[in-house]
Structure formats: C-alpha cells, structure tokens
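One structure is given below, encoded as structure tokens.
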Amino acid sequence: MRRLSRAIKTASQGGATLPTVWRSLAEQQIAFRRGEVSMVAGPPGSGKSTFALSLAVHAQVPTLYISADTHSHTMSLRLLAMITGRPQQEVEPLMEADREWAAQMLKPADHIMWEFDSAPTLKDIEDAVLAARERMGQDVELIVLDNAVDVTLDGQDEWGGLRTLMRELKWWARETGAAVVVCHHTSQGAPGNPCPPSSSLHGKIAQTPSLILTVYNQIASMGVCAVKNRYGPADSTGASPVWLAYNPASMQLADLLQS
C-alpha cells in the first residue's frame with residue numbers, strides 16, 4: 001500500500017506522457033502515457049503500423065517493439081525510408097548493395113529493441129520484456145505490440161484470448177511503467193465516419209486501454225480519431241479525426257503544418 005503524496009515523487013509515476021511526436025494530436029489531449037495501455041486500430045492497410053513505428057522512432061525513448069506482423073527485412077526497409085525520407089523502392093537496392101551504409105542510417109533507431117516472433121505467446125512477451133530490461137539496464141519506456149491477433153494463446157477462443165492478452169499488457173504497463181501501445185484490427189465491413197468507430201474493434205476489448213485511436217488513410221493524409229480517451233475528449237463514432245500528412249512510400253507521418 002502506498003500514499004499518493006509519496007508515490008507522486010517517484011520517477012516511475014504512471015500517467016506521465018511520452019515526448020510529443022505530433023503537436024496536432026497533443027493539442028486535442030491525445031497522448032501516450034506511461035503505465036497505461038493504448039491501442040491503434042484500423043482495417044488492414046490503414047496505416048496503423050506506420051503510426052506505431054513513427055511513434056517508436058520519434059519518441060526517442062528506450063523501446064521494445066514486438067513485430068509479429070512484419071519480419072526484420074521489411075522493417076529495416078521501412079525504417080530506412082522513414083529515417084532518410086526516401087521512397088522504399090529507392091532505398092531497397094541501396095540497402096542490398098551497401099549493408100554498412102544501411103547500418104549507419106539505422107543508428108537513430110538504436111533506442112529500439114526488436115522481437116520478430118511471428119506468433120509470440122504470453123511467455124515470449126514476458127521473456128522479451130525481461131531481456132530488454134537486462135540488455136538496456138533499465139525498463140523500457142515504450143512497448144509496441146504489432147498486432148494483437150498474432151499472439152498465440154492456446155486453449156482459448158479468439159475473443160477470450162484477446163481479453164487475456166489485454167489484461168497481461170496492462171500488468172506489464174504497471175510493472176514496468178512503460179507506455180504499452182498495441183495495434184489491433186477493426187472489422188473491414190464496418191463503415192468509417194471517416195475513421196472506424198469503437199464498436200468495430202475485433203473482440204470488443206475496449207475496456208482495458210485508456211486511449212484507443214482508430215485510423216483512416218486517403219491520398220496524402222491520415223485521419224486519427226480518439227474513439228476512447230480517459231484523459232481527454234473522444235468521439236466513439238470516429239467522426240472527429242485529427243488529420244496528419246502521410247506519405248506511405250517514404251513512411252512519413254507529420255503534422256500538416258510541417259509537411
């Protein structure tokens with residue numbers, strides 16, 4: 001048991017926000033908080049992985065990125081595009097021809113530890129968190145799981161497994177003080193407004209995250225809507241997005257005024 005008057009003085013106090021990556025989101029009280037679980041959701045191809053990767057790169061805090069959806073070669077290509085601002089089709093031959101150049105270009109992302117198991121179990125996630133702690137000499141400040149549906153949970157149906165996963169992620173958020181961000185799917189058949197509504201989340205697992213963002217992309221822009229926000233305004237219908245400039249070829253995602 002703890003007194004809040006003492007707990008608030010500690011560095012691990014939950015609820016503190018990660019460094020701001022997109023000013024336009026911060027202005028709408030959308031922030032990723034330490035000790036909390038947040039979710040970025042959308043249908044396949046909507047840009048949620050780009051959003052999560054951009055957050056991990058630009059927040060510049062010790063990060064564990066569990067990439068079940070994408071293998072290391074593709075992730076390296078995406079990172080090179082994001083860091084250099086050049087299209088993926090342009091940097092891929094450069095990466096293949098000069099690995100030393102690629103390694104140097106990837107240095108700005110060295111604050112990220114990677115796990116590429118395509119079907120991690122809860123034990124694999126635990127091992128990855130503990131390994132990152134040992135490697136870095138401290139708990140990570142951001143944990144990204146991309147995607148929730150790729151986690152293997154034996155003996156449970158899909159929806160029960162997702163609820164178990166969310167409880168586990170909440171525990172790790174509190175245990176490490178990290179901001180946990182999980183990518184998740186929405187139903188492809190659900191109409192967006194323009195972003196998917198909270199009711200379209202697979203598994204109906206909206207209870208655990210303190211923040212749920214749904215995303216929608218169109219030509220040169222991405223809409224990001226807080227359909228749940230414990231710390232600020234939200235619109236569960238997906239009708240009130242913040243628009244970011246988006247270039248999927250070069251993996252660039254920025255405030256519109258910075259584009």
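For this structure, a couple of remarks:
- Kirkwood-type hydrodynamic radius, the stretch 106-214: 15.1 Å, calculated from all non-identical alpha-carbon pairs.
- For peptides 52-58, 101-107, 18-24, sequence by mean Cβ density within 10 Å, most packed first: 52-58, 18-24, 101-107
- Here the convex hull built on the C-alpha positions of the stretch 54-107 has a volume of 83 cubic angstrom per residue.
- Only the Cβ atoms of Lys and Arg (+1) and of Asp and Glu (-1) were treated as charged; on that basis the dipole of the stretch 65-202 about its Cα centre amounts to roughly 440 debye.
- Surface share of carbon and sulfur [accessible, 1.4 angstrom probe, percent] for the stretch 24-93: 43 percent
- Solvent-accessible area assigned to carbon and sulfur over the stretch 94-169 amounts to 48 percent, based on a 1.4 Å probe.
- Solvent-accessible area per residue for the stretch 127-213 (1.4 angstrom probe, square angstrom): 44 Å²
- Across the chain: Cys residues that no other cysteine approaches within a C-beta distance under 4.7 Å: Cys183
- For the stretch 154-235: relative contact order, % (alpha-carbon pairs under 8 angstrom, 6 or more apart): 22 percent
- For the chain, the Kirkwood radius over C-alpha pairs fed into Stokes-Einstein at 20 °C and 1.002 mPa s yields D = 115 µm² per second.
- Near the amide H of Asp139, within less than 5 Å, lie no amide hydrogens of residues on another chain or at least 5 residues away, with H placed in the peptide plane.
- Rg and Dmax over the alpha-carbon atoms of the stretch 5-111 stand at 16.5, 57 Å.
- The stretch between His202 and Ser236 holds 10.8 nm of extra length on full extension. This uses 0.36 nm per residue minus the Cα-Cα distance.
- Dipole axis of the chain (+1 Lys, Arg; -1 Asp, Glu on Cβ), positive-most option in Val91, Val215, Val151: Val215
- Burial order of peptide ranges 130-142, 197-209, 176-188, 27-39 (average beta-carbon count within 10 Å, highest first): 176-188, 27-39, 197-209, 130-142
The values are calculated or read from the model by the stated rules, or taken from the named source; none is laboratory data. Note that this is a predicted model, so its numbers are computed, not measured. FYI the Cβ positions are ideal-geometry reconstructions off the backbone, even for glycines, and counts take in every protein chain you see. In case anyone asks, the SASA skips ligands and DNA or RNA and just uses the protein heavy atoms, side chains included. Shrake-Rupley method; radii C 1.70, N 1.55, O 1.52, S 1.80 Å.
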